[in-house]
Amino acid sequence: MKTLVLGGYGNFGARICRSLAADPHVELLIAGRDIVQAQRLADALDGPAAAVAVDCSAPDLGQTLRALGVGLVIHAAGPFQRQSYGVAVAAARAGVHYVDLADGRRFVCDFPRALHEAFQQAGRVGISGASTVPALSSAVVDRLCAGWQAVDAVDLCIAPAQTAPRGRATMEGVLSYCGERIDVWCGGRWVQAIGWAAPERVEFKRLRPRIGALCDIPDLELFPARYDVRDRVMFRAALEVAATQRALAAMAALRGRGLLKRPARWAGVLNRAAGVFDRLGTSLGGMVVRVEGLDAAGQPVRRSWHVAADHDHGPEIPCMAAIVLARRLAAGEAMLSGAFTAAGRVSLGEFEPEFARWDMATDVVEESLPLAQT
């Protein structure tokens, strides 16, 4: 299958290209506005790949996809928080499968409603959110809660390594909701909390404890209904250097007071400045997912899943779901046509070979409940 990766030489796109280049079922096209960068990556890959100049905002994108004979588009040119569905619409009109790495809440959650009919008519599949959230996060919760009678709470936290490569697009995404009011399912109802404000301590299996703060992601909206969660769903990001975490909390406070209008404008500066703190951090990052509820016997239980990624391999994790889905499509697997979020589209078992490939350690821990719940 001819597979075109938009943003193919970017922080995540390049990782996807490196993984797919050696797949015998994939004919890889590295796409972006800069043909020189695309060609440089194509020349460096172990397998065959071609570089093509593609502007994802071009009005004739659909015609370009048809002319190139593309079968699948992987959209890795974020940030997605402020993007339209232009690439997905072009893919559907061109009769092309579509997968993106979006983690923007509105982008992912509204995707099925906006594009289901278009992909159904095209006889193709469109999948949004094939990234750490909600693709991996839902796979973990599905595994941890299998057979449970009820789910009371889901708490997630991503903890990136300080020295891991950072992209400006990622920085723009996280700053877009810094200081904004975010709808969160808490106490069995929808309440509002402030993005990146009020950091709290988070415990990990193989990482030192960190402080993490609320981020706006699709899981906050998808999981309460998907798992019929009775109490809360929370997602935090925990930076390794506490000073940077507190700096984001300060920015959130300034925005809340109207003193900082658009934090995302500072993405380039902050992305460069973050390197100053690298000597205070490490190459070890990870993620934890904690769930509470009633097990198959109706007993209260709390369980957690952890992944630890050393040697700055953490950024491989957001690419894994898209890689798995691309391989399945390229191998000829039939998928139901239409537009879907990535929640439940990839099993945890499909992620595990990717974890092993990068020497990532995973753990499932049975945790003690607070006395009031036992």
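The residues of the range 73-91 that are in contact with an Asp or Glu (Cβ under 9 Å, 6 or more places away or on another chain), at pLDDT 95 or above and not β-branched (V, I, T), listed by number, are H75, A76, Y85, A88, A90. So for the range 240-253 (the condition being open to solvent by 30 Å² or more (accessible area, probe 1.4 Å) and within 21 Å of T132 (Cα to Cα)), does at least one residue qualify? Yes, some residue in the range 240-253 is open to solvent by 30 Å² or more (accessible area, probe 1.4 Å) and within 21 Å of T132 (Cα to Cα). Hey, could you check the range 150-168 for residues that are out of contact with any strand residue (DSSP E or B) (no Cβ under 8 Å at 6 or more places or on another chain) and open to solvent by 30 Å² or more (accessible area, probe 1.4 Å) and say which is modelled with the highest pLDDT? Looking at residues that are out of contact with any strand residue (DSSP E or B) (no Cβ under 8 Å at 6 or more places or on another chain) and open to solvent by 30 Å² or more (accessible area, probe 1.4 Å), I get T163.
Looking across D155, D142, one residue alone is outside any helix (DSSP H, G or I) and more than 21 Å from L280 (Cβ to Cβ). It is D155. Applying the condition of being crowded, with 21+ Cβ neighbours inside 10 Å and farther than 21 Å from T3 by Cα to the range 84-108 and asking which residue is farthest from the chain's Cα centre (by Cα) yields F107. Please tell me if F351 is more than 27 Å from A159 (Cβ to Cβ) and either polar (S, T, N, Q) or not in a loop (DSSP other than H, G, I, E, B) (or both). Taking the combined requirement at face value, the residue does not satisfy it. State yes or no: is D43 charged (D, E, K, R), without any contact (Cβ under 8 Å) to a residue 24 or more places away in the chain and not in a strand (DSSP E or B)? In short, yes. Filter the range 10-68 down to the residues that are within 26 Å of Y85 (Cβ to Cβ) and β-branched (V, I, T) and list them by number. Scanning the range 10-68 gives I16, V26, I30, I35, V52, V54, T64. Scanning the range 213-239 for residues that are in a helix (DSSP H, G or I) and of a type in the set (A, V, I, L, M), we see that the one that is surrounded by the most Cβ atoms within 10 Å (Cβ to Cβ) is L220. Residues considered: A334, A321, A356. Of these, the only one that is open to solvent by less than 50 Å² (accessible area, probe 1.4 Å) and more than 18 Å from A146 (Cα to Cα) is A321.
If you go through the range 51-61 and keep only what is assigned to a strand (DSSP E or B) and open to solvent by less than 40 Å² (accessible area, probe 1.4 Å), you end up with A51, V52. The combined condition, being in contact with a Gly (Cβ under 9 Å, 6 or more places away or on another chain) and surrounded by fewer than 21 Cβ atoms within 10 Å (Cβ to Cβ), is fulfilled by A22. When V307, V346, V276 are checked against the criterion of being closer than 21 Å to C157 by Cβ and either assigned to a strand (DSSP E or B) or modelled with pLDDT under 95 (or both), V307 stands alone in meeting it. Which members of the range 62-83 meet the condition of being closer than 26 Å to M171 by Cβ, open to solvent by less than 10 Å² (accessible area, probe 1.4 Å) and aliphatic (A, V, I, L, M)? V73, I74, listed by residue number. From the list T170, T163, the lone residue that is under 13 Å from the mean Cα position of the chain (by Cα), over 16 Å from V289 (Cβ atoms) and not assigned by the TED database to the domain that holds S84 is T170.
Restricting attention to the range 109-131, which residues are in contact with an Asp or Glu (Cβ under 9 Å, 6 or more places away or on another chain) and buried (at least 24 other Cβ atoms within 10 Å of the Cβ)?
F111, G126, I127, S128, G129, A130, S131
Of the residues contained in the range 176-189, none is found to be of a type in the set (D, E, K, R), closer than 19 Å to R303 by Cα and in contact with a strand residue (DSSP E or B) (Cβ under 6 Å, 6 or more places away or on another chain). Looking across the range 169-212 at every residue that is in a helix (DSSP H, G or I) and not hydrophobic (A, V, I, L, M, F, W, C), the one that is least open to solvent (accessible area, probe 1.4 Å) is identified as G173.
The values are calculated or read from the model by the stated rules, or taken from the named source; none is laboratory data. Since the structure is predicted, the reported quantities are computational estimates derived from the model, not experimental observations. Here the Cβ is made from the backbone with ideal geometry for all residues, glycine too, and neighbour counts use every protein chain on show. For the accessible areas, the whole protein counts, side chains as well, though only heavy atoms, and no ligand, DNA or RNA atoms are used. Shrake-Rupley method; radii C 1.70, N 1.55, O 1.52, S 1.80 Å.
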